[in-house]
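The block underneath contains the structure these notes are about, expressed in structure tokens.
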Amino acid sequence: MSVDRPRPLVAGNWKMNGLKASTKVLAEIQADYGPGLWRHVDLVVCPPAPLTAIFALAAVGTRIGIGGQDCHAKESGAYTGNVSAEMLVDAGATHVILGHSERRQYHGEKDADVRAKAEAAHRAGLTAIVCVGETREEREAGKTLSVVRKQLRGSIPEGSTSENLVIAYEPVWAIGTGLTPTAGDVAEVHAAIRDDLKRLVGKAEQNKVRILYGGSVKPSNAGELMAVPNVDGALVGGASLVAVDFLGIARAYSK
Ligand code: 13P
């Protein structure tokens, strides 16, 4: 583990789950996010768009950040159903997940779309959590590194820094399946991402950008996954909906 390892981040992607009453879960997370944890790890919760403002208000005065799960590339206009990065900021968000495989799969988002959205996020002052990851077929065909590298090249805008960019490596086949890559496989992909960051953000920022792992992270496997070199935290789906599980993952960093 390098000495200049970035400060870890554990982010919860609530996907299409949660109602106004779910601020209760946020309160539970906050109640147990004491100095023993916040000294070691940042927490961000990304609820569905209608809950952004209420979650951000509930998180005022805490150390928990609130994020969106997507944004449009434009600031405003005739884009029915969409949410802009500026609107997320206005609602109190500090982060936004972009290019999640569910957006790429169900909404046809391509690298160029993700890049335009990341540019919008930066314009609005949000930190973009840009997701990359291979499908099972791509892994079995030995294409994991080339797929991830191509997604990175296409999705990361110029001007990205360790302040406004987080990368999340999420193998598509590990999302919601209970399957995880081996520590060795995660290490290989994260090392390749770290390597590519030199070209994408420059040598001075290369080692400061946080690279999260995502895909079936739970308290029981977080210790092993978070100990992998170049893993600077987690992007958590299902387990982030339950305060004890989300905190249990974050605790991988308090030991
Ligand atoms: P799970 O943790 O439910 O596998 O989801 C991972 C994910 O997609 C986070 O963005």
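The values are calculated or read from the model by the stated rules, or taken from the named source; none is laboratory data. This one's a predicted model, so the numbers in the text were calculated from it and none came from an experiment. Cβ atoms come from the backbone with ideal geometry, glycine included; neighbour counts cover every protein chain shown.
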Quiz item: Here are some conditions: (1) at pLDDT 95 or above; (2) surrounded by fewer than 22 Cβ atoms within 10 Å (Cβ to Cβ); (3) of a type in the set (S, T, N, Q); (4) within 30 Å of Thr23 (Cβ to Cβ). Ser240 meets all but one. Which one does it not meet?
Solution: (2)
Quiz prompt | Residues located in region 12-34, provided they are in contact with a Ser or Thr (Cβ under 8 Å, 6 or more places away or on another chain) and either at pLDDT below 95 or not in a helix (DSSP H, G or I) (or both) | solution = Gly12, Asn13, Trp14, Tyr33
Practice problem: Please give the number of the condition Arg210 fails out of (1) touching a helix residue (DSSP H, G or I) at 6+ places or on another chain (Cβ under 9 Å); (2) more than 14 Å from the ligand (Cβ to nearest atom); (3) closer than 15 Å to Val130 by Cβ. | Solution: (1)
Exercise. For region 215-232, enumerate the residues that are away from the ligand (no atom under 12 Å from the Cβ) and not in a helix (DSSP H, G or I).
Key: Ala227, Val228, Pro229, Asn230, Val231, Asp232
Exercise. For residues that are in a helix (DSSP H, G or I) and among the aliphatic types (A, V, I, L, M), scanning just region 115-142, find the one that is farthest from Leu43 (Cα to Cα).
Key: Ala116
Exercise. Mind counting the residues in region 35-61 that are in a helix (DSSP H, G or I) and touching a residue at least 40 places away in the same chain (Cβ under 8 Å)?
Key: 3
Practice problem: Check Ala128, Ala120 and return the single one that is at pLDDT 95 or above, within 25 Å of Val10 (Cα to Cα) and in contact with a Leu (Cβ under 7 Å, 6 or more places away or on another chain). | Solution: Ala128
Practice problem: Could you check Pro157 against (1) under 15 Å from the mean Cα position of the chain (by Cα); (2) part of a loop (DSSP other than H, G, I, E, B) and say which number it fails? | Solution: (1)
Quiz item: Restricting attention to region 87-114, which residues are within 15 Å of Asn164 (Cβ to Cβ), part of a helix (DSSP H, G or I) and away from the ligand (no atom under 16 Å from the Cβ)?
Solution: Leu88, Val89
Quiz prompt | Which numbered condition Tyr253 misses (of (1) surrounded by fewer than 17 Cβ atoms within 10 Å (Cβ to Cβ); (2) over 16 Å from the mean Cα position of the chain (by Cα); (3) hydroxyl-bearing (Ser, Thr, Tyr)) | solution = (1)
